[in-house]
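The numbers here are math on the coordinates, done by the rules we state, and not lab data. As the structure is a prediction and not an experimental result, all values here were calculated from the model. Here the Cβ positions follow ideal geometry from the backbone for every residue, glycine too, while neighbour counts run over all protein chains shown.
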């Protein structure tokens with residue numbers, strides 16, 4: 001049986017001629033992609049992080065209902081829909097254990113990544129501040145202020161209890177095509 005298969009294969013490739021290959025490397029047909037300078041990408045990331053001020057304070061005025069933000073020019077219904085889970089949370093990051101600068105950089109990077117992947121609704125877990133020195137939610141307030149400065153952010157609201165409650169925020173990002 002093995003001889004039959006071998007004979008069948010030999011018969012099938014009898015008229016095949018080997019390719020004449022000059023080198024063992026494969027030649028790339030067309031244009032090579034332009035290299036991207038690593039330092040350029042690092043500088044671009046630093047500019048995005050530095051564009052968020054730690055001195056900016058967004059007053060949401062609705063502390064009883066948790067964190068709320070709506071960029072001007074958008075319907076107030078967006079906040080209601082966000083709180084009710086109208087948009088599916090497509091991604092999540094957790095800032096527990098990070099210092100302020102790490103958290104800011106991580107948020108900026110994550111939003112850029114979401115923009116590229118066309119992700120619209122995310123959860124950012126900032127914690128409740130129980131582990132901080134004064135038991136205050138330091139990251140909670142900073143995240144609130146950073147997000148209000150990002151053009152990509154349309155709205156955010158405190159996460160429902162099952163999604164982290166006062167220790168997380170659900171964010172709606174602009175749609176990019």
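Quick notes
- Note that segment 63-173 shows a convex hull volume over its alpha carbon atoms of 99 Å³ per residue.
- Taking other C-beta atoms within 10 Å as the exposure proxy, 20, 144 rank 20, 144 from fewest upward.
- Here the gap between residue 117 and residue 102, fully extended at 0.36 nm per residue and compared with their Cα-Cα distance, gives a gain of 3.2 nm.
- For 74, 126, 162, order by how many other beta-carbon atoms lie within 10 Å, fewest first: 162, 74, 126
- Here the residues 38, 83, 17, ranked from fewest to most Cβ neighbours within 10 Å of their Cβ, fall in the order 17, 38, 83.
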